[in-house]
Structure formats: C-alpha cells, structure tokens
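A short worksheet on the structure shown next.
The values are calculated or read from the model by the stated rules, or taken from the named source; none is laboratory data. In this text the structure is predicted, and so the values were computed from the model without any measurement. Keep in mind that these areas ignore ligands, DNA and RNA; they rest on the heavy atoms of the full protein, side chains included. Shrake-Rupley method; radii C 1.70, N 1.55, O 1.52, S 1.80 Å.
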Amino acid sequence: MGNSPNEKIATAYHEAGHAVVALAHGLTGFEVTIVPGEDSLGHYLHPGVLGYEIHGNRERRSLARDCILVSYAGMH
C-alpha cells in the first residue's frame, strides 16, 4: 500500500465518514487515524461499544444498528 497524497486524502475522507456517523448517532469514545498499519492506510476503532449500558433488547438493537451504520459510513 502506498502513501501518496491522493491515498492519504481518500483515507482521511473514508475514516472521517465513520466518525461523522458515529457522532450523529451519539456514539463516543472512538479513535480514527490515517496512520498506515500493516494491512491498512488507516482505521476507525470503537472500543467502548461493550462498555455501554444497555437496558433491554430495543436498546441493544438500536446500538447494533448504529454500529453497523458507522461501519458502512466509510464505504466509497
């Protein structure tokens, strides 16, 4: 994977998409980076999902739906 300016810009937009949707759905405590790793140009990480207090199946489904939307938000 290269580190061309165009790839960095595309990665920044991609990762920002995850962050924007997470914030829009009230999810916090995430990390976004465009620092290249071994197998990616950047990443979105939401370690706090398991730390949310969930009261019932409706809230669990809502959180799961929001996390799925965040995951798809970075798609081109």
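Points to keep in mind about this one:
- Solvent-accessible surface (1.4 Å probe) assigned to Thr28 amounts to roughly 90 Å².
- Additional length obtainable on full extension of the chain from Asn57 to Ala12, 0.36 nm per residue less Cα span: 12.7 nm
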